[in-house]
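Following: one structure in structure tokens, then a few remarks.
What follows draws every value from the coordinates through simple rules; no lab data is involved. Not measured: the values here are computed from a predicted model. Quick reminder, even Gly has a Cβ in these numbers, built from the backbone with ideal geometry, and neighbours come from all protein chains shown.
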Amino acid sequence: MGVGSLTRAEAYGKYSDDLVRFATGLVGPSDGPDLVSGAMVNVLASRSWETVQNERAYLYAAVLNEARRHHRLTMRRRVGEVRASTSGEASVPPEVRPDVLGAVGRLSVCQRAVVFLTYWEDLTPAETARRLGVSPGTVYRNLARGEARLRRLLHD
């Protein structure tokens, strides 16, 4: 067993509901559970678990990294779809989400993570920093940038 007190399976069992909720906030309800599964595959294959001191932060970071990968792949796919369209114009499917969720979806993955944990999970910036395994300054910076972008997006 690693520096922490939990095995990978125990940590997943303990935090899986929170991780799925977090992932859902990052990528939406249809991809959230799959995102956690992908992150867990990476965690299971990783040798670094043996040195992990904060299992929860490690798992949240794995989900956040998987969300970044998901976002990059989604953007590549969308660019390919636009290029392949015969009309030559990019068509955007109508949003079925409320304006706020659409605006949150336009934030960077890091901004979305801190906004989700701060407002949906009601965590303080210090708790968010611990959960993500980043500094409080990183949380404050991403939260401020995310809030400013949301204000711009929602007022346009």
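Output the residues belonging to the range 28-75 that are under 26 Å from SER5 (Cβ atoms) and basic (Lys, Arg). Result: ARG47, ARG56. Of all residue pairs spaced 6 or more apart or on separate chains, those with beta-carbon atoms under 6 Å, a first member in the range 22-39 that is part of a helix (DSSP H, G or I) and a second member that is hydrophobic (A, V, I, L, M, F, W, C) and surrounded by fewer than 14 Cβ atoms within 10 Å (Cβ to Cβ) are GLY25/TRP120.
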